[in-house]
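Reading through the structure tokens given below for one structure.
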Amino acid sequence: MASISASTKHKVGVKKPAPKKTTGSGGSILKTGASAKIKSSSSTSPNGAGGTARRGSVAPKLQPAALNHPQTLEAFKSLDAAQQKDRVLNEFVPHMLGERATFHEGISKPHTASTSQSRGGAAADIALACKHLGPVVVLKRFGVLAEIEKTLLPQGIGAVFGNGPGKGIHPGGGMRKIASTASLASMDSDIAMKSTGGQSYSTMSLASGASGDSKRGKSTPPNAREGALLFLRALCELGSRAIEPFVVPLLAAALDESGSSSSSVREAAEDASTAIVSLAHPLAVSG
């Protein structure tokens, strides 16, 4: 028979409560606990089909790469007009379009692959030059705007609307619905779902780019088109009304690139379109 004394210890087992199950706003069952996996309602489209979640964050402001210090900026401003034009066209523009600035770097310097960050930095450099030298000087006299138009609209702006020479790259007139609705989805998903009959933005983007950019009449490399779109965004980030007449006419090109087969180009097109619409004066758009 066991004896019980003052030194006898007893263990009391406590039963752990079962994890609670709650229903999220999107109808998914969520478990609370260490091993719980939270399923976001944004991972599925409103019509119940799975889709890519829409990016909810605002793109950060582009930072200059070469003119990122007051001393380098003052050194650039101290150059004469010819030297400033040479540096913009032969250094900043090639870097922005994903190319090598051979005339400034030389052939002995090892070539590094172009990235979205480097293209964005070069785009911000040119935008900063526009701020200090004036948009007319940089965009028109230096010929930067012509390079942007040649990259985004090699057949002219009429080709985007289907009314240019040879009826454009989209015969029948007007931008393709797939491009305009994809851009609409990037700005307001609820309106876009009504406009597209419940089709998700990610599905439209994949469908529009399934045939490839070459079949859409895009002859310029994706890196160059992304760089041009980053430059439009960098110009809009200046917040100057003097920039508006130069970027608003290129909104059609940005919307058309929303249907690109390249994800980086589509993302740059979304950011550029949003920036242009934010900059444009409300009375500039009828209706």
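For segment 255-280, filtering for residues that are closer than 21 Å to T115 by Cβ and part of a helix (DSSP H, G or I) leaves 12. For residues in segment 237-265 being of a type in the set (D, E, K, R) and open to solvent by 40 Å² or more (accessible area, probe 1.4 Å), which is farthest from A127 (Cα to Cα)? Across segment 237-265, the extreme among qualifying residues is R241. Of all the residues in segment 116-156, those that are buried (at least 24 other Cβ atoms within 10 Å of the Cβ) and of a type in the set (K, R) number 1.
I need the full set of residues from segment 69-89 which are within 14 Å of A122 (Cβ to Cβ) and without any contact (Cβ under 8 Å) to a residue 40 or more places away in the chain, in order please.
In the first step, residues of segment 69-89 are kept if they are within 14 Å of A122 (Cβ to Cβ); the result is 72, 76, 87-89.
T72, R87 - these are the residues of segment 69-89 that are within 14 Å of A122 (Cβ to Cβ) and without any contact (Cβ under 8 Å) to a residue 40 or more places away in the chain.
Scanning segment 69-82 for residues that are out of contact with any Leu (no Cβ under 7 Å at 6 or more places or on another chain), open to solvent by less than 100 Å² (accessible area, probe 1.4 Å) and either within 23 Å of G143 (Cα to Cα) or part of a loop (DSSP other than H, G, I, E, B) (or both) yields H69, T72, A75, K77, S78, L79, D80, A81, A82.
Taken over segment 228-254, the criterion of being of a type in the set (D, E, K, R) and assigned to a helix (DSSP H, G or I) is satisfied by R233, R241, E244. Report yes if some residue within segment 84-97 is in contact with a helix residue (DSSP H, G or I) (Cβ under 7 Å, 6 or more places away or on another chain), assigned to a helix (DSSP H, G or I) and either small (G, A, S) or at pLDDT below 75 (or both); otherwise report no. No.
The values are calculated or read from the model by the stated rules, or taken from the named source; none is laboratory data. Please read all numbers here as calculations on a predicted model, not as lab measurements. Positions of Cβ are backbone-derived with ideal geometry, glycine not excepted, and every protein chain shown enters the neighbour counts. Ligands, DNA and RNA are excluded from the accessible area calculation, which covers all protein heavy atoms including side chains. Shrake-Rupley method; radii C 1.70, N 1.55, O 1.52, S 1.80 Å.
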